[in-house]
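Inspection log for the structure reproduced underneath, given as C-alpha cells.
The values are calculated or read from the model by the stated rules, or taken from the named source; none is laboratory data. Everything numeric here is computed off the predicted structure, so don't read it as measured data. With ideal geometry, Cβ positions are generated from the backbone for all residues, glycine too; neighbour counts draw on all protein chains shown. For accessibility, only protein heavy atoms count, side chains too; no ligands or nucleic acids. Shrake-Rupley method; radii C 1.70, N 1.55, O 1.52, S 1.80 Å.
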Amino acid sequence: MVKVYLVTSNRAKAAEIISALAEAGITAEIAPIKKLEVQSDSLEEIARVAAESLPPSNAPLVVEDAGLFITALNGFPGPYSHYVYKTLGCRGILKLLEGVEERRACFKSAVAVKMPGGEVEVFTGETWGVITREERGDKGFGFDPIFQPEGSAKTFAEMSLEEKNLWSHRGKAVRRLAQWLLEKYSAEAGGR
Ligand code: IMP
C-alpha cells in the first residue's frame, strides 16, 4: 500500500487530495510540517520550491499550490489568490467583474511530490469555467461559490467533494500524481 504525507494547513484542500488519492488506492494523511511559500508568477515553481525545501522523509511528501486566473482581469489573482481571497473574497471579485460580459476563468493546480530519495516531481491540472453573477452553494472553500466549470450547471460549491474532484484542477493534478506514484512503486517492486 502506497502512503504519502500532505504538507498543507488547508483542511478542505487536504480532504479533496486525500479523497482523490484514496480512489487510486493511495492513503494519505496530513504531516505537521510547515512549507515554504515563495513569491512567483508560476504555481509550478511555488510548488517545486516548497517540495524541495521540505525535510528528508522516508515517505513521499506532497504539497499543492493553486490559483484562479480570470481572463477579463489578465489572469488576476493567479498565484496571489490566497491573499486576494483573504482581502477581497468572492464578493470583491464579483464587484470587480460588475458589468463585465467576459466571465471566463481558469483554476490551476500544481502538485509537487518529494520522494524519500530527494527527487521532486510536479504535476499540473487546470479547469476552465466562468465566474458566476452571484455566489451559489455552501460547500468547498475559497472561490468555489463563484466558479462554474465549463459543461456543468453547478458551481464547485454546489458539488459534493467527490463531484468537485471529477471536474477540478486539483482532482486532475492529483490523479496524475497517483498514476506516477503507482507506476513508480510497481516498477520498484518488480525490480526487486
Ligand atoms: P493556495 O495558495 O494553493 O492555498 O490557494 C490559493 C487560494 O486560491 C486559496 O486560498 C483559495 O482562495 C483559492 N483556491 C485554490 N483552489 C481552490 C479551489 O479548488 N476552490 C476555490 N478556491 C480555490
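Values for this structure:
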read-out: Total residues in region 154-176, condition more than 10 Å from the ligand (Cβ to nearest atom), of a type in the set (Lys, Arg) and part of a helix (DSSP H, G or I); value: 3
read-out: Flag for residue 47 being in contact with a His (Cβ under 8 Å, 6 or more places away or on another chain) and closer than 15 Å to residue 81 by Cβ; value: no
read-out: Subset of region 70-114 that is among the β-branched types (Val, Ile, Thr) and touching a residue at least 60 places away in the same chain (Cβ under 8 Å) - its residue that is nearest to residue 51 (Cα to Cα); value: 113
read-out: Residue match in region 84-91 (condition: farther than 25 Å from residue 186 by Cβ, of a type in the set (Phe, Trp, Tyr) and more than 9 Å from the ligand (Cβ to nearest atom)); value: no
read-out: Qualifying residues in region 133-153 (those that are among the acidic types (Asp, Glu) and open to solvent by 20 Å² or more (accessible area, probe 1.4 Å)) - the one nearest to residue 55 (Cα to Cα); value: 138
read-out: Residues of region 92-108 satisfying the condition of being surrounded by fewer than 16 Cβ atoms within 10 Å (Cβ to Cβ) and more than 12 Å from the ligand (Cβ to nearest atom); value: 95, 98, 99, 100, 101, 102, 104
read-out: One residue from 130, 174, 111 being in contact with an Asp or Glu (Cβ under 9 Å, 6 or more places away or on another chain) and surrounded by fewer than 22 Cβ atoms within 10 Å (Cβ to Cβ); value: 130
read-out: Selected residue (criterion: nearest to residue 4 (Cα to Cα)) from residues of region 44-66 that are within 14 Å of the ligand (Cβ to nearest atom) and surrounded by fewer than 23 Cβ atoms within 10 Å (Cβ to Cβ); value: 48
read-out: Residue tally, condition closer than 28 Å to residue 178 by Cα and either at pLDDT below 95 or not in a strand (DSSP E or B) (or both), over region 60-79; value: 2
read-out: Boolean, residue 88 is at pLDDT 95 or above and either buried (at least 16 other Cβ atoms within 10 Å of the Cβ) or among the basic types (Lys, Arg) (or both); value: no
read-out: Identity of the residue in region 9-43, within 19 Å of residue 79 (Cβ to Cβ), more than 13 Å from the chain's Cα centre (by Cα) and open to solvent by less than 60 Å² (accessible area, probe 1.4 Å), that ends up modelled with the highest pLDDT; value: 42
read-out: Residues satisfying the stated conditions in region 125-162, i.e. in contact (Cβ under 8 Å) with a residue 60 or more places away in the chain and closer than 18 Å to residue 100 by Cβ; value: 131, 143, 147
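One line per residue, one yes/no per condition, for (1) of a type outside the set (Val, Ile, Thr); (2) under 22 Å from residue 136 (Cβ atoms); (3) touching a strand residue (DSSP E or B) at 6+ places or on another chain (Cβ under 7 Å):
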position: 35; (1), (2), (3): yes, no, yes
position: 56; (1), (2), (3): yes, no, no
position: 73; (1), (2), (3): yes, yes, no
position: 78; (1), (2), (3): yes, no, yes
position: 85; (1), (2), (3): yes, yes, no
position: 96; (1), (2), (3): yes, yes, no
position: 99; (1), (2), (3): yes, yes, no
position: 104; (1), (2), (3): yes, yes, yes
